[in-house]
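Rule-based calculations on the coordinates, nothing more; no lab input. Just so it is clear, the model here is predicted, and its values are computed rather than measured. Here the Cβ is made from the backbone with ideal geometry for all residues, glycine too, and neighbour counts use every protein chain on show.
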Amino acid sequence: MPTDATSVLPGFRVRETTYRETPLRYAVSGSGAPVVLVHGLGGSAANWRALAPALASERRVIVPELPGHGGSAPLPATPTVDPFAEAVLAVLEAEDALPAPWVGHSLGGLVGLRAAIRRPDAVTGIVLAAAPGISSSSRTAEVVLSVLGLAQPSRVVARHRRAFGGSQRGRTLAFGWWGLADPAALDPEIAEAFLAGPAEHTDTVDAGRALIATDPRRDLDGVRCPCLCLWGGQDNWVPLADGMEYARRLRAPLRVIADCGHLLIGERPDACLRAIREFLAAL
C-alpha cells in the first residue's frame, strides 16, 4: 500500500528540499496566500487529510513532514524543538512562501511558536491545536514519551492500519482514551491516514526528547503575531488546562470543541476548518 504524500493528500504534489544536508519531504497544493500545516509527534503529512484539501481550494497549502517523520530524514542533533522549526522554515523558504501563518497540531504547534520567536518576520499568525509545552515538561510526561518512543507500538499498528482503521474495535484500540473522544465514530479513511506515518518514521525518539526539553513559557512574551488556541474539550493527552494557560500567556482566544479529543483535526475537521478559516480571514 503506497505511503507517499500523494496517496494520503489527494491533489497534492510531493516535493523535497534539504536543511543541514538533511532531505525533507513535503506536500503542496493550491494557489494564492500561503499557509503551512505542521503535524505532531509521530505524525506525518497524512494527518491533515481531513483539512488540507479544503484549505487548498482557497490558499496555497504547504504540509511538511518533520525531520525523522514520514519521508523526511532525521537531523543529526535536536536538543530542543528549535531545529524542527528551522527545518520547516527551510521548506517555506524553498517554496518562497514566507511570511505565512502556521497551523500546528500538537508538537507542530510548539514548532510554530519557536519559529515565531526565532523568526518573527516569518510567521504572521499561529493556530495552536492542542499544543504541548506546559504539562509535557513534567516528569510523568517524560517517562510516558520515553517509553512510547522506545517501544514504538505505533509501528506495529501501522503495518495493519487498514484493518485497524476499518474496524470500530481497531480504532478504539489505536486511539481510545489518549486520542479521541469517540474513536468508533472516526471516519475509517481518516483513521488510516493517522496510522500511515509510523511505517516510514526513522527517528521520533529524539523529537520526543526535544519536546520535553523545550519549555516555551519563558519566551512566550516574544510571540508578536496573533494566535488562536484550539482545543478538544476531552483531550486526555494535552489537557484543556494547558490551552487555557497558553491563551492567558499569549492573550489569545481559546476555542474549545466539545466531545473531542487530542486528534481534533481528524475527529472534528468541520469545527477546526471553521475556526482556522475565521482566524486566517482576520489576519
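Quick notes on this one:
- Lys/Arg +1, Asp/Glu -1 at C-beta; the range 5-282 dipole; positive extreme among LEU220, GLN234, MET244: GLN234
- With the simple model of a label 7 Å out from the Cα in the direction of the Cβ, LEU98 to SER135 spans 3.5 nm.
- Dipole size of the range 5-282 about its Cα centre, with +1 on Lys/Arg Cβ and -1 on Asp/Glu Cβ: approximately 180 debye, rounded to the nearest 20.
- Placing +1 on the Cβ of every Lys and Arg and -1 on the Cβ of every Asp and Glu, with nothing else charged, gives the range 161-283 a dipole about its Cα centre of roughly 260 debye.
- Charge dipole (the chain, unit charges on Cβ, about Cα centre) - positive-most of SER57, ALA27, HIS201: SER57
- Per residue, the average separation of C-alpha pairs within less than 8 Å and at least 6 apart gives the range 5-282 a relative contact order of 20 percent.
- Counted residue by residue at 0.36 nm each, then reduced by the alpha carbon distance between them, the extension gain from ALA281 to THR18 reaches 91.5 nm.
- For the residues ASP187, ASP235, ASP219, a GNM of the chain with alpha-carbon springs under 10 Å puts the largest fluctuation on ASP219.
- For the range 5-282, the average shadow cast by the Cα convex hull is 12.3 nm², which is a quarter of the hull's surface.
- Close amide H contacts of VAL123 (hydrogens built in the peptide plane, cut-off under 5 Å, sequence separation of 5 or more or a different chain): ALA100.
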